[in-house]
Amino acid sequence: MLPSRVDVAENAAVLLRKLTTAHGPLMFHQSGGCCDGSSPMCYLAGEFRVGGSDVLLGELIVDNIADPIKVWISLPQFEYWKHTHITIDAIPGRGGGFSLESPEGMRFLIHSRLYSDEEWALLENATIITGA
């Protein structure tokens, strides 16, 4: 079994439950660093159009949310970060202008760590899934 590329911290899971109840199924796109820095941006599922230059980083499975939350990242950013495991977290503060958590007084952010040699050996040649 391959190591995960993305996970969710408990603070983010709590916020995702609230957002899913209010809005329905969700998705993330890991921003490339323009207007909102490198924040993970949360959208209604399908609201952000992913394309062939976006990579499916993984799916977040959150208790009490029926649909997994897909996490996408641009291919150039994935190439830069492919050695890195990402955990999506949430903290008090102002979220990205286009991200669903913005009115909640919270913002999503990422924690990252490099994969161990053992994890990277499993992931190095793994197939990636790109958008349509």
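The values are calculated or read from the model by the stated rules, or taken from the named source; none is laboratory data. Note that the structure is predicted; figures quoted are calculated from it, not measured. Methodologically, a virtual Cβ is constructed for each residue, glycine included, from the backbone with ideal geometry; neighbour enumeration extends over all protein chains shown. The area values use the complete protein model at the heavy-atom level, side chains included, leaving out ligands, DNA and RNA. Shrake-Rupley method; radii C 1.70, N 1.55, O 1.52, S 1.80 Å.
Among the residues in region 31-48, are any outside any loop (DSSP other than H, G, I, E, B) and of a type in the set (Gly, Ala, Ser)? Within region 31-48 (the criterion being outside any loop (DSSP other than H, G, I, E, B) and of a type in the set (Gly, Ala, Ser)), the answer is no, since none of the residues qualifies. Among residues that are at pLDDT below 95, farther than 17 Å from residue 131 by Cβ and either in contact with a Cys (Cβ under 7 Å, 6 or more places away or on another chain) or open to solvent by less than 50 Å² (accessible area, probe 1.4 Å) (or both), residue 31 is not included.
May I ask you to list the residues in region 1-27 that are part of a helix (DSSP H, G or I), within 28 Å of residue 83 (Cα to Cα), open to solvent by 70 Å² or more (accessible area, probe 1.4 Å) and in contact (Cβ under 8 Å) with a residue 12 or more places away in the chain? Once the filter is applied, which keeps residues that are part of a helix (DSSP H, G or I), within 28 Å of residue 83 (Cα to Cα), open to solvent by 70 Å² or more (accessible area, probe 1.4 Å) and in contact (Cβ under 8 Å) with a residue 12 or more places away in the chain, region 1-27 yields 11, 14.
Entry remark, region 49-62: residues being open to solvent by 60 Å² or more (accessible area, probe 1.4 Å) and modelled with pLDDT under 95 number 2 in total.
Among the residues making up region 114-132, those that are in contact (Cβ under 8 Å) with a residue 12 or more places away in the chain, out of contact with any Phe, Trp or Tyr (no Cβ under 9 Å at 6 or more places or on another chain) and either among the polar types (S, T, N, Q) or surrounded by 10 or more Cβ atoms within 10 Å (Cβ to Cβ) (or both) are 115, 119, 120, 126, 129, 130. For region 78-104, filtering for residues that are farther than 22 Å from residue 47 by Cα, open to solvent by 40 Å² or more (accessible area, probe 1.4 Å) and not β-branched (Val, Ile, Thr) leaves 6.
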